[in-house]
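The values are calculated or read from the model by the stated rules, or taken from the named source; none is laboratory data. Fair warning: this is a prediction, and the values are worked out from it, not measured in the lab. Ideal geometry is used to build each Cβ from the backbone, glycine not excepted, and the neighbour counts take in all protein chains shown. Surface areas here come from the heavy atoms of the whole protein model, side chains and all, with no ligands, DNA or RNA. Shrake-Rupley method; radii C 1.70, N 1.55, O 1.52, S 1.80 Å.
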Amino acid sequence: MRLHVADHPLITHKLTVLRDARTTSPVFRQLTEELVTLLAYEATRNVRVSPIEIQTPVTTTTGVKIGEPRPLVVPILRAGLGMLEGMVKLLPTAEVGFLGMVRNEETLAPSTYAERLPENLSDRQCFVLDPMLATGGSLGAAIEFLFKRGAQDVTAICLLGAPEGVAAIERQVDGRDVTLVLGALDERLNDKGYIVPGLGDAGDRLYGTV
């Protein structure tokens with residue numbers, strides 16, 4: 001597994017505002033979109049492209065276009081939806097699937113309650129969106145779901161991660177082609193499975209529900 005923790009002042013600045021408990025839901029949503037676009041820039045560094053010849057005002061030249069089959073973006077419901085717009089702004093030709101995961105707050109174990117994905121993901125580059133990598137249960141289950149559908153190349157994008165979650169994903173995907181892109185790697189998890197210092201429940205802060 002490849003781990004990339006973003007190191008950019010704009011990303012750190014936006015994360016600081018997201019962490020602030022006084023930040024309102026509308027501001028939180030806007031900053032999340034902006035932050036994901038910045039993270040997506042790093043996450044798509046190895047997106048597949050194919051050559052294309054074009055005519056400029058001066059001459060013909062060869063450039064590139066996003067290759068086929070198109071990349072697949074998969075937000076994990078519900079909080080991952082808040083990251084979708086920022087991702088497709090950078091990668092507008094991508095297809096979008098959905099995967100509903102819920103975490104049992106007592107056992108912290110994930111389960112799948114909904115999915116809308118192609119039956120065959122072979123040869124597809126998949127980008128999974130999940131704001132918080134805490135225990136790694138939900139993200140790990142989502143990645144496993146994609147590999148069972150035939151995916152061979154999965155990149156996960158998270159705003160924040162905890163060392164425990166990163167270690168869990170690394171153990172689970174051993175030997176598979178997985179890249180993990182984080183806005184920041186935080187200190188630890190608390191006894192309730194929340195990231196410290198973190199930013200709270202991303203879904204609640206995105207949508208204003210508790």
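For region 55-72, which positions are more than 23 Å from F127 (Cβ to Cβ) and touching a strand residue (DSSP E or B) at 6+ places or on another chain (Cβ under 9 Å)? Break it down stepwise before answering.
Looking only at region 55-72, we keep the residues that are more than 23 Å from F127 (Cβ to Cβ), and these are 55-62.
Of everything in region 55-72, those that are more than 23 Å from F127 (Cβ to Cβ) and touching a strand residue (DSSP E or B) at 6+ places or on another chain (Cβ under 9 Å) turn out to be Q55, T60, T61, T62.
Mind listing just one residue for me: the one in region 154-186 that is open to solvent by 60 Å² or more (accessible area, probe 1.4 Å) and in contact with a helix residue (DSSP H, G or I) (Cβ under 8 Å, 6 or more places away or on another chain) and, of those, farthest from L90 (Cα to Cα)?
Q172
Just to be sure before I move on: is R2 closer than 19 Å to L160 by Cβ and open to solvent by 20 Å² or more (accessible area, probe 1.4 Å) in the structure I sent?
yes
Of the conditions (1) touching a Lys or Arg at 6+ places or on another chain (Cβ under 8 Å); (2) of a type outside the set (K, R); (3) assigned to a loop (DSSP other than H, G, I, E, B); (4) open to solvent by less than 40 Å² (accessible area, probe 1.4 Å), T93 clears all except one; give me its number.
With respect to (1) touching a Lys or Arg at 6+ places or on another chain (Cβ under 8 Å); (2) of a type outside the set (K, R); (3) assigned to a loop (DSSP other than H, G, I, E, B); (4) open to solvent by less than 40 Å² (accessible area, probe 1.4 Å), T93 is out only on (4).
Can you tell me which residues in region 141-160 are modelled with pLDDT of 95 or more and farther than 20 Å from E85 by Cα?
Matches in region 141-160: none.
Scanning for something part of a helix (DSSP H, G or I), surrounded by 10 or more Cβ atoms within 10 Å (Cβ to Cβ) and without any contact (Cβ under 8 Å) to a residue 12 or more places away in the chain, does region 30-44 turn up at least one residue?
Residues of region 30-44 that are part of a helix (DSSP H, G or I), as a first pass: 30-43.
Still in the list and also surrounded by 10 or more Cβ atoms within 10 Å (Cβ to Cβ): 30-43.
Remaining after also requiring without any contact (Cβ under 8 Å) to a residue 12 or more places away in the chain: 30.
Checked region 30-44: at least one residue is part of a helix (DSSP H, G or I), surrounded by 10 or more Cβ atoms within 10 Å (Cβ to Cβ) and without any contact (Cβ under 8 Å) to a residue 12 or more places away in the chain.
Please go through region 172-192 and pick out each residue that is within 25 Å of F127 (Cβ to Cβ) and in a loop (DSSP other than H, G, I, E, B).
V173, D174, G175, R176, D186
Quick check on this structure: which one of S138, S122 is touching a residue at least 24 places away in the same chain (Cβ under 8 Å), buried (at least 16 other Cβ atoms within 10 Å of the Cβ) and either over 21 Å from L81 (Cα atoms) or touching a Pro at 6+ places or on another chain (Cβ under 8 Å) (or both)?
Sole residue among the options that is touching a residue at least 24 places away in the same chain (Cβ under 8 Å), buried (at least 16 other Cβ atoms within 10 Å of the Cβ) and either over 21 Å from L81 (Cα atoms) or touching a Pro at 6+ places or on another chain (Cβ under 8 Å) (or both): S138.
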